[in-house]
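Input: a single structure, listed below in structure tokens.
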């Protein structure tokens with residue numbers, strides 16, 4: 001019985017759980033350095049319908065979660081629903097954001113590796129993100 005319990009514990013640790021989203025770029029950069037991973041940065045606004053659709057449909061999908069497990073994920077709202085600036089508004093200028101959502105792949109120093117502006121269905125999101133990660137190895 002003990003060996004069965006041990007086997008279940010080990011098997012459980014191999015299954016990817018929900019994505020752990022960071023709440024700041026600094027926290028994502030620190031974790032990326034420790035884990036030797038790239039950063040996936042979702043820059044979005046409260047008034048952007050496609051931003052919300054990504055968060056509701058794509059990121060929590062099985063494909064989205066599988067791809068996001070390979071990176072450090074951070075989601076940063078730059079504007080509220082009414083267009084007011086949030087503390088992350090300065091990232092729009094820093095990364096020259098011209099459309100929402102803007103999806104960035106960054107290295108652990110915060111330098112841009114890749115970007116995509118606009119919505120991705122789950123399968124296309126997974127292919128894009130995994131392609132960028134694989135190209136950096």
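The values are calculated or read from the model by the stated rules, or taken from the named source; none is laboratory data. Predicted model, so just to flag it, every value in this text is computed and none were measured. Note that we place each Cβ from the backbone using ideal geometry, even for glycine, and neighbour counts take in every protein chain shown.
The residue that is modelled with the lowest pLDDT, among those in the range 117-137 that are within 20 Å of residue 29 (Cβ to Cβ) and in contact with a strand residue (DSSP E or B) (Cβ under 7 Å, 6 or more places away or on another chain), is 136.
When the range 41-52 is filtered for residues that are farther than 18 Å from residue 18 by Cα and in contact (Cβ under 8 Å) with a residue 40 or more places away in the chain, the ones remaining, listed by number, are 43, 44, 45, 48, 50, 51.
Of the residues 66, 84, which is free of Cβ contacts under 8 Å to residues at least 12 places away in the same chain and either under 19 Å from residue 18 (Cβ atoms) or surrounded by fewer than 19 Cβ atoms within 10 Å (Cβ to Cβ) (or both)? Unique residue meeting the criteria: 84. For the range 49-61, state whether one or more residues are over 25 Å from residue 131 (Cα atoms) and at pLDDT 95 or above. Yes - at least one qualifying residue is present in the range 49-61.
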